[in-house]
Each structure stands twice: as C-alpha cells, then as structure tokens.
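Worksheet: the structure to be examined is printed underneath.
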Amino acid sequence: MDTVTTRGRHQPNPDRINDPDEPVWDPSADAKHWRAVWQYRAKRAHRDVTTLEAQRQRAMRVVEGNQAVKSARFVKTQGATRVFDQTTFDRATQIAGWKGYITNLDADTMGAAEVVASYHQLWHVEQSFRMSKTDLRARPMFHHTRDAIEAHLTVVFTALAVARYMQTQTGVSLKRIITTLKPLREFTGQLGDHEITFPPDIPADAQQLLDGLNITS
C-alpha cells in the first residue's frame, strides 16, 4: 500500500480520508511529507500477536501487583492507580502484521515492491560495515590530516569492494578465501644468467576459488 505520511510536525491534508484512492506522493507537491509504503505479512502478524500477548500478560501482572514495576507497555497511571491501557493495546493489535517503509523516491523511480525489497537488503550494508571493522581492520585510524584519512578510507573501501566481489563470485566467506589463498606464493629467482619463476603448488580448494574468480594460474 502506497501512501503519504507526516514529516516532522507537518500534517497531511485531513480531507485525504474522503478520497477512496491511495494518495500518490509527489516530490514537489508533498515536499513537507514522506512517501510511505506499507506491507502486510501473515508471518509478521503472527509474530506481532504473540509478542503483544506476552506484553499484555506482563502488563496485567504489573497492574495486579504480581510483578515489580518496571518499564511495561500498555500500563498507564490514573491518579495513584496503575491500569491496563486497553485502547492502546487494541490499536496495536489492529496493525499487527503491518510494517511501514519511508522513502523520498517517487513511485516512477522505485515501485512499492522494490522499496520493500531494497530495505530487506540492508543486511548486506550492515555486513559490509562489520567487515570493514573486522576483516579489513578499518579502525583504529591513526591519521590526523584530511588527506591521510581520505587515503586510508579509499584503500579500505576499495578492499571492501574487492572482498564483496570475491564473496559473490565464489560463494564463500572472506575469511575462508584469505586462509585458502594466503599461503600461495610465487617466487622469482636468479639462477646464473637466467631469471626463473617458481609457481606455487595450488591445492584443489584453492584452485576452485581461483576458477570462481576467473584467475588463471
């Protein structure tokens, strides 16, 4: 479902509820609002309902005095008494299974399904940042000038791009690629007047990775 939602304190047109058609977000006409794409999934609804029921039971234990008072959802205070917030619980139950995705791209640029799919791929970005801090050792950075910092980050992100390419092409982790290929060494030596290159002995697992990367030995 493609809609228009609030951005900051700016409110959408209140008359929009009288229009049976879904509102179409326009970047020029709706500059003070966001485009929101809503998706419903039965699996998510089941998980949300299960979570809400657990929260309801916890709230009831707090209200009845059977559990120490901590931060509990659906508990509100009326005077000196804690009561269960049925209105908020009912509203949360009604939207179980729904999830919203906010974007500033119009529907012509990216359709609703593509917006949702793009958000579901964010774990690749998160994984890349974990790689940059672990496998690539992007930090700590002992640099103090802008040129040095930019040069360092350029090397790190270039290595990250190469690492992601290698993972995609071979289907194995970067750690395994490194441990498999790192022992391979090529030696060039001088024997009399002749320069001789001694290629490494490539085991089968390393050769499989090289084949996946289209690297000829």
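Only the coordinates and a few stated rules stand behind these numbers; no lab work does. Please read these numbers as outputs of a predicted model, since none were measured by experiment. Note: ideal-geometry Cβ built from the backbone for every residue, glycine included; neighbour counts use all protein chains shown.
For this structure, a couple of remarks:
- Hydrodynamic radius by Kirkwood, which averages 1/r over all alpha carbon pairs of the chain, in angstrom: 23.9 Å
- Percent antiparallel among DSSP beta bridges (both partners in the chain, rounded to 5): 100 percent
- Sorted fewest first by neighbouring Cβ atoms within 10 angstrom, TRP98, TRP123, TRP25 come out as TRP123, TRP98, TRP25.
- Packing, as the average of other Cβ atoms within 10 Å across residues, places the peptides 30-39, 43-52, 195-204 in the order 30-39, 43-52, 195-204, highest first.
- Cα-based convex hull volume of the stretch 24-116 per residue, rounded to whole Å³: 132 Å³
- Selection from GLY171, GLN86, VAL155, by position along the positive dipole direction of the chain (Cβ): GLN86
- Expected 222 nm ellipticity per residue - DSSP helices of 4 or more, -39500 (n - 2.57), all of the chain, to 500: -14000 deg cm²/dmol
- Highest to lowest packing among 101-112, 62-73, scored as the average C-beta count within 10 Å: 101-112, 62-73
- About its Cα centre, the stretch 2-116 has a charge dipole of approximately 1000 debye under the convention of +1 per Lys or Arg Cβ and -1 per Asp or Glu Cβ, with nothing else charged.
- Only Lys, Arg (+1) and Asp, Glu (-1) charged, at Cβ; the chain dipole about Cα centre in debye: 1520 debye
- All lysines inside 30 Å of LYS32 as judged from Cα atoms, apart from same-chain residues fewer than 8 positions distant: LYS99
- Computed over the chain: relative contact order in percent, which uses C-alpha pairs under 8 Å that are six or more apart: 15 percent
- Per-residue Cβ neighbour rank within 10 angstrom, fewest leading, TYR165, TYR119: TYR165, TYR119
- Among ALA96, ASN214, TRP123 the positive-end extreme of the charge dipole of the chain (Cβ point charges): ALA96
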